[in-house]
Amino acid sequence: MILAIDVGNTNIVLGAYEGEKLTAYWRMSTHGYKSSDELGMFIYNLLQHNDINPKSMEQVVIASVVPDIMYSLEHGIRKYLCINPLIVGPGIKTGLNIRTDNPRELGADRIVNAVAALKLYGGPAIIIDFGTATTYDVIDKEGNYIGGVISPGINISADALWQRAAKLPKVEIQKPDRVIGKNTIDSMQSGLVYGYVGQVDYIVKRIKKEMKAPEAKVIATGGLAKVIAPESKTIEEVNGFLTLQGLRIIYEKNK
């Protein structure tokens, strides 16, 4: 078995794989950095709670965009699982040909998503990850990573409305029944959800036009993908475990 860990700015998602099968997964908050003992014991107990012997883990593979948590996470895994984790970064085999100005600045999560999409769906492909930021990653017909787009995430936009406009409340991100809101909350939810639907469809159309690939497969992942995808005319597939699948694939390449 292996343990895949995706460390994002908002959440840490963990998945236990037996071969290609995801046997269990968990989500925890990234906020409130913990010590190596707290993180190591937490992961150890998660596994035990799901009847998974922590000592049965062959490897732990991690993609992280939060450098500050990595010291505690790595040392906790070494201490409690007795494993030297595989960290996605320079020197790791991914099989992905990155054709950008500076490949080293590309986030580990975006690399992992692209690896998974290329393996599962082939190219050309566009991957949209609805995380803290909303990212668009582009793979061409030859399977090369050629670039992408970064925009503020839906929750960032919602928080900005709440924090910067004195009379606007904090709202839950959910789709209202109508675009025209009859009250403040419905109006905000409409702007957030339908506004992002419009953004997604416009950006995807522009990407397809620029790369001259109208057939590019569009895959969505991330916590809010299921809110946006049903209204989008361009999203074809929602895969909530794309990043974990990419980590498993990278582990296979580095065994």
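The values are calculated or read from the model by the stated rules, or taken from the named source; none is laboratory data. Not measured: the values here are computed from a predicted model. Heads up, the Cβs are rebuilt from the backbone with ideal geometry, glycines too, and the neighbour counts pull from every protein chain shown.
One line per residue, one yes/no per condition, for (1) surrounded by 14 or more Cβ atoms within 10 Å (Cβ to Cβ); (2) charged (D, E, K, R); (3) free of Cβ contacts under 8 Å to residues at least 40 places away in the same chain; (4) outside the structural domain of Asn11 (by TED's automatic domain parsing):
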residue: Asp137; (1), (2), (3), (4): yes, yes, yes, yes
residue: Arg164; (1), (2), (3), (4): no, yes, yes, yes
residue: Gly181; (1), (2), (3), (4): yes, no, yes, yes
residue: Ile219; (1), (2), (3), (4): yes, no, no, yes
residue: Thr234; (1), (2), (3), (4): yes, no, yes, yes
residue: Asn239; (1), (2), (3), (4): yes, no, no, yes
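Between Gly123, Gly153, Gly148, which is within 14 Å of the chain's Cα centre (by Cα) and of a type in the set (Gly, Ala, Ser)? Result of the check over Gly123, Gly153, Gly148: Gly153. Here Gly147 meets each of (1) of a type outside the set (Lys, Arg); (2) within 25 Å of Gln199 (Cβ to Cβ); (3) assigned to a helix (DSSP H, G or I) with one exception, condition (3).
Among the residues making up region 47-80, those that are within 18 Å of the chain's Cα centre (by Cα) and either in the same structural domain as Gly131 (by TED's automatic domain parsing) or surrounded by 12 or more Cβ atoms within 10 Å (Cβ to Cβ) (or both) are Val60, Val61, Ile62, Ala63, Ser64, Val65, Val66, Ile69, Met70. Please specify each residue of region 212-251 satisfying the condition of being in a loop (DSSP other than H, G, I, E, B), more than 14 Å from Ala114 (Cα to Cα) and among the aliphatic types (A, V, I, L, M). Ala213, Leu224, Ile235 - these are the residues of region 212-251 that are in a loop (DSSP other than H, G, I, E, B), more than 14 Å from Ala114 (Cα to Cα) and among the aliphatic types (A, V, I, L, M). Selection of region 88-113 for residues being under 21 Å from Ala125 (Cβ atoms) and small (Gly, Ala, Ser) yields Gly95, Gly107, Ala108.
With respect to the conditions (1) exposed (fewer than 15 other Cβ atoms within 10 Å of the Cβ); (2) assigned to a loop (DSSP other than H, G, I, E, B); (3) free of Cβ contacts under 8 Å to residues at least 40 places away in the same chain; (4) not hydroxyl-bearing (Ser, Thr, Tyr), Ile83 falls short on a single one, namely (1).
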